[in-house]
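See structure below.
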Amino acid sequence: MVRFKNKIIFFLFLLASANLFSNTGDSLKKKYLEEKNELKKIYTSSRIISYYSSNYDSVKFYGQQLISDWKKANNKLGEAFINYRLGIEGIESSNYDDAKKNLRQAITLFNDQKNDSMSAAAHMRLGFAFYTLADYESAIKTYLSGIEKATQAKRPVSVSWGYNLMGLAFYAKPNPDYKKALYYYFKALDIDKQLKRDYLSNLLLMRIGSVYTKLKDYSNASYYLNRSLTQSDSLHDNVSKKWALEALTGLYNEKKEYQKAVDVGKSSLQMSLRVGEYPGIIISYRNIAENYILLKNFKQANINIDSAIYYSIKYSIFQTLPFIYEVKSNVMESSGMINEALFYYKRSIHLKDSLFSLQNNKNINELETKYESKEKEKEIQFLNKEKESDKKIQNILMLAFGLAIILIGMIIFALAKINGARKKLKTQNEIIEAKQKEIVDSIHYAKRIQTSLLPTEKYLEKHIKN
């Protein structure tokens, strides 16, 4: 019964996400108040959120009202679903803190109801919020949990979605793992083939082609990118077509066909500008700028990279900003503006250091390995216990070290007592104390030197978050 109900809710989610309805806001609110059927009422409340999707303040206002209504009715399903919808709208409008808060709440409520289908969907959305903020460790960890939920719910389409997102994260992180990205992409493609829906895998084919471009396997890159472009055209899928064109821009760049890269990049840019797809706009401007540098058209390179910086900052899209600053530095250097080039290069490095760390990458690899062994949850718990054990071992070692020092002291004392060298021992103790004072003084002196050398300038701008 629970699984049947979950299927109904998942179907309602697909309907609500389509946002294809002619009702006005007032008529939807009236219908919501009059509706007696629980599932239809949830569906109508979701349509209210969709109706106001162009204005996030309105979305948030009505969303909070609806959540309050569902809480009063003690209906956790309705409360969870509206939190989920608010999370989606938060991502779409770049309000990522709100999105993360709402999606976490949705996950908690869906888990309480054992609704694995919707919990999986909420995990994927939350992971994408982390990904957009360049928090790849959290993104991959969240995707893995989502894939696990989707597997439990027997939702192969959602599992494929998760593998797709995993590949994207491994491709995008600062030290990309292209082979691992391909591994997850092909896992997703295999599921699509089993479900006989590989004709819908336009974006997946594009991503596979992009990885082959990075691996300099231009034959496979061209094959998969052109497959993606052909399928996108046949299905009138402009989103997939845009990214296939962008990927072809990268392929032409790698093959040193820079004018072709610029021309294709401009076509891709126009598609993103028409629909206001800001990540796509940013990527297009950056790629066009890079190719203009190689064509030695520094004026156009500067115009395009400044546009990429503008959209990145305005819409809080940070994961590519370090690389955009790096391109800006290259433009300045190529134009003979060395000081400006150094300024933007430092910005790029500082931002990379702030957004990414080697520890994050280590944790990502650990989590991914745990999932592949099909004992992710148990092994994560084991990892936590292992950390606790490490702390205990450290404490034991410290205690043993202390006991050893005490024992050595006792032996020295006993030997001194046996030899009757009390006076000599006293002299030695005075010497030891003097040496300790010298060491402490030298440490303080070194610390003052270190402090004086540490930079006091904060190199991240205030608007950079997370």
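Quick note: the coordinates plus some simple rules give every number you see, no bench work behind them. Note that the structure is predicted; figures quoted are calculated from it, not measured. Neighbour counts run over all protein chains shown; Cβ positions are idealised from the backbone, glycine included.
Things to note:
- Normalised contact order of region 86-176, rounded percent, pairs of Cα under 8 Å and 6 or more residues apart: 22
- Charge tally in the Cβ shell below 13 Å around R125, where Lys, Arg are +1 and Asp, Glu are -1, R125 excluded: +2
- Each label point was placed 7 Å from the Cα along the Cα-to-Cβ direction; for T24 and R104 their separation is 4.0 nm.
- Formal net charge of residues neighbouring N75 (Cβ-Cβ distance under 10 Å; K, R +1; D, E -1): +1
- Across K214/K255; K40/K72; K154/K241, pairs whose alpha-carbon gap is larger than 23 Å: K154/K241
- Fewest-first sequence of H236, H350, H123 by Cβ atoms within 10 Å of each Cβ: H236, H350, H123
- Burial ordering of S45, S316, fewest other beta-carbon atoms within 10 Å first: S316, S45
- Fewest-first ranking of T151, T132, T24, using other Cβ atoms within 10 Å as the exposure measure: T24, T151, T132
- What the phi angles of region 241-251 give under the Karplus curve with 6.51, -1.76 and 1.60, with θ = phi - 60°, is a coupling list of 4, 4, 6, 5, 5, 4, 5, 5, 4, x, 5 Hz, glycine and proline written as x.
- Placing dummy labels 7 Å off each Cα toward the beta-carbon, the span from E92 to N238 is 1.6 nm.
- Region 38-73 versus region 322-350: alpha-carbon centroid distance in Å: 46
- Computed FRET value (nearest 0.05) for Q65 with K114, which takes r as the C-beta separation and R₀ as 30 Å: 0.65
- Normalised by residue count, region 151-191 yields a Cα convex hull volume of 52 Å³ per residue.
- Centroid-to-centroid separation of region 102-167 and region 291-306 [C-alpha atoms, Å]: 39
- Considering all different alpha carbon pairs of region 119-184, the Kirkwood hydrodynamic radius works out to 11.4 Å.
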